[in-house]
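Below: one structure, written as structure tokens.
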Amino acid sequence: MIHRTVGGIVAILLLLASCGEPTTPQASPETPRPGSAFPVTIAAANGDVTLERRPERIVSLSPTATEMLFGIGAGEQIEAVDDQSNFPAEAPQTDLSGFEPNVEAIVSYEPDLVVYATEPGDLGSSLEGLGIPTLQQDAPATLEDVYDQIDQLGMATGNTTEAAELVEEMRGDIDAIVESIETPDPPLSFYHELDDTYYSVTSSTFIGQLYSLVGLRNIADEAKGAGGGYPQLSAEYIIEADPDLIFLADTKCCGQSPRTVSERPGWARIDAVVHGGVIPLNDDVASRWGPRVVDYLRRIAAAVESVPEMSAA
């Protein structure tokens, strides 16, 4: 997912959450040509995708896929990325849109593979009708799904070794972060803010599961509409829940900060505000599921570790 307007953030989250579960990448039973990993068939969200040869002109319409592709060393194979793919800095950003894609504009880059996150209509079928392979990767449900998607891109680009190394590194980093945290008892409570209209996430979402890894209790889990994964909370509900930590994933989209939160009516008495537990996040890092999920989890862990210090202040 990516940074958009307030309404766009929530719409994107709900749309991604409604997509089918990601599939585990599977190699084709075909015997590869000597010295080549191709042809290869990958079980993606849009069905089995067969690539006859290593793609050299990839168009990425997914900021997360863009980060993954660079993470596995496929940056030189990328011809263009969408207007929201702002990391890493060397990504060849264009005005292509992943939400309202223009097939003609995409085709002008002569891609031999197009990667996208959400099917906005008939993007995949339109490109495939022109003979251009497409690979769809929906929002993940778990970390294992993230690792699977990295492996998929490794297979699709001929960078399987690099993909495996990235997955191994991420697993190790995440395990180390989780093991380093002494889970508070009773667990600390938190509120994750998607935008300034108080949309949040529950523990059933990928984002929510990251917080669960370090033993935090999500106040959104008991809210009305929690079953959909992205409930809109009320200010009264949040104040009454009195979370120990507040994570702001709307610093860029909505200009939110510890100061703006403290100025909201009634919020100054929330524990997180009183003890300095309002944690600003980079919206992009907090809404994508690429390699920087490690940085995100590290930020959460640091906030958990700082709570005793804040309380004693």
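Among THR197, THR64, sorting on how many other beta-carbon atoms sit within 10 Å of each Cβ, with the fewest leading, yields THR197, THR64. Which Cα, out of LEU245, ALA235, ALA176, lies furthest along the positive dipole direction of the stretch 150-256 (beta carbon charges, K/R +1, D/E -1)? Final value for the positive-end residue is ALA235. Between ALA235 and ASP173, full extension at 0.36 nm per residue minus the direct alpha carbon distance yields a gain of 18.7 nm.
Every helix of 4 or more DSSP H residues in the chain counts as -39500 (n - 2.57), and over all residues that averages to -11000 deg cm²/dmol at 222 nm.
Sorting the Cα pairs of the stretch 85-184 by distance into bins of 5 Å, from 0 upward, gives 2, 10, 16, 18, 20, 14, 9, 5, 3, 2, 1, 0 percent per bin. Over the chain, the fraction of Cα-Cα pairs per 20 Å bin, rounded to whole percents and listed from the shortest bin up, is 33, 53, 14, 0. The Rg/Rh ratio for the stretch 141-287, using Cα coordinates for both the radius of gyration and the Kirkwood hydrodynamic radius, is 1.03. In the stretch 96-248, the DSSP beta bridges split such that about 10 percent are antiparallel, to the nearest 5. Per the Debye calculation on the stretch 246-291 with a single equal scatterer at every Cα and no solvent contribution, log₁₀ I(q)/I(0) for q = 0.30, 0.31 Å⁻¹ amounts to -1.04, -1.08.
Counting other Cβ atoms within 10 Å as a rough exposure proxy, the listed residues THR118, THR66, THR50 run THR50, THR118, THR66 from fewest neighbours to most. Residues LYS224, LYS252 in ascending order of nearby Cβ atoms (within 10 Å, fewest first): LYS224, LYS252.
Dipole check for the chain: with +1 at the C-beta of Lys and Arg, -1 at the C-beta of Asp and Glu, and the Cα centre as origin, the magnitude is about 360 Debye. Counting only DSSP beta bridges whose two residues both lie in the chain, roughly 25 percent are antiparallel. Relative to the dominant Cα principal axis of the chain, helix 143-157 is inclined by about 20°. Computed extension gain for ALA268 through ALA141, at 0.36 nm per residue and net of the alpha carbon distance, reaches 42.3 nm. Can you give me the Cα centroid spacing of the stretch 135-194 and the stretch 203-247 in angstrom? Here the answer is 21 Å between Cα centres.
Restricting the stretch 211-313 to GluC sites (Glu not before Pro) that sit in a DSSP loop and have at most 13 other Cβ atoms within 10 Å of their own Cβ leaves GLU263.
No value in this document is a laboratory result; all are computed from the given coordinates. The structure presented is a predicted model; accordingly, all values stated were derived computationally and were not measured. Neighbour counts run over all protein chains shown; Cβ positions are idealised from the backbone, glycine included.
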